[in-house]
Amino acid sequence: MADDKTLVKAVKAGDHKAFEELVRRYQRQIANLIYVRLGNREDVEDIAQEAFIKAYQSLSQYDFEGSFFSWLYKITMNLCVDEIRKRKVRKYLSLDFITEDNLEKSRKSKEHHTPSDEALREEKTEIIRDAINRLSKEYREAIILREYQDMTYNEIADTLQISLEAVKTRIFRARAELKKTLSDYFEERT
């Protein structure tokens with residue numbers, strides 16, 4: 001299997017199938033990023049498609065310095081910011097991701113839970129969503145990439161174009177803020 005940079009070179013040489021492979025590799029991650037950023041399932045497909053179209057059209061600007069995903073991440077986040085500006089409405093982050101596995105798990109878990117369990121789960125999700133939304137942009141981005149995209153610290157540093165030490169600091173501080181913010185809620189529930 002070819003690496004990203006080899007595929008990009010192939011696309012630049014006219015192999016459009018190579019770009020299809022890049023889309024397949026990153027479509028779920030891009031969808032998750034959009035959903036996390038905007039918190040609206042209806043936006044995911046349109047903005048993801050727009051991100052890949054823009055990446056394809058701008059491929060001549062990709063300089064091979066950073067990873068292809070980092071470059072695609074920036075395009076996607078810029079489109080999300082544009083969408084927020086257009087609407088002039090601040091939307092909440094969501095922690096639920098659009099995947100068949102999670103939908104199936106959700107269906108199965110609902111079979112074993114009472115309506116009050118479901119209400120508590122939804123309340124917990126909303127509380128966590130609000131806490132993450134209150135983090136600064138830098139902390140929010142770092143914690144989402146680490147905890148919900150399962151990126152390594154090095155991948156986050158590459159994606160955000162910051163030092164490894166800055167990544168560690170942001171994640172540490174984000175976790176500390178979340179712990180402080182959420183401690184009262186979770187102490188009440190235990």
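The values are calculated or read from the model by the stated rules, or taken from the named source; none is laboratory data. What you are looking at is a predicted structure, and each value in this text was computed from that prediction instead of being measured. For neighbour counting, all protein chains shown are included, and Cβ atoms are generated from backbone atoms with ideal geometry for every residue, glycine included. For accessibility, only protein heavy atoms count, side chains too; no ligands or nucleic acids. Shrake-Rupley method; radii C 1.70, N 1.55, O 1.52, S 1.80 Å.
Observations, loosely collected:
- Lone qualifier among L38, L59 - being under 23 Å from K137 (Cα atoms) and either among the aliphatic types (A, V, I, L, M) or modelled with pLDDT of 85 or more (or both): L38
This table checks each residue for (1) out of contact with any Pro (no Cβ under 8 Å at 6 or more places or on another chain); (2) more than 17 Å from D3 (Cα to Cα); (3) not in a helix (DSSP H, G or I).
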site	(1), (2), (3)
K17	yes, no, no
L33	yes, yes, no
A51	yes, yes, no
F64	yes, no, yes
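- Residue match in segment 5-12 (condition: at pLDDT 90 or above and open to solvent by 90 Å² or more (accessible area, probe 1.4 Å)): yes
This table checks each residue for (1) farther than 14 Å from L22 by Cα; (2) touching a residue at least 40 places away in the same chain (Cβ under 8 Å).
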| position | (1), (2) |
| --- | --- |
| V44 | yes, yes |
| Y56 | no, yes |
| D63 | yes, no |
| W71 | no, no |
| E83 | yes, yes |
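- Pairs where the first residue, in segment 135-161, is within 14 Å of Y73 (Cβ to Cβ) and open to solvent by 50 Å² or more (accessible area, probe 1.4 Å) and the second is of a type in the set (G, A, S) and not in a helix (DSSP H, G or I), C-beta under 9 Å, 6+ apart: E155/S67; D158/G66; D158/S67; Q161/G66
- Filter result (open to solvent by less than 20 Å² (accessible area, probe 1.4 Å), under 22 Å from D46 (Cβ atoms) and not aliphatic (A, V, I, L, M)) within segment 69-85: F69, Y73, T76, C80
- Tallying residues that are surrounded by 13 or more Cβ atoms within 10 Å (Cβ to Cβ), of a type in the set (V, I, T) and modelled with pLDDT of 90 or more within segment 41-56 yields 1.
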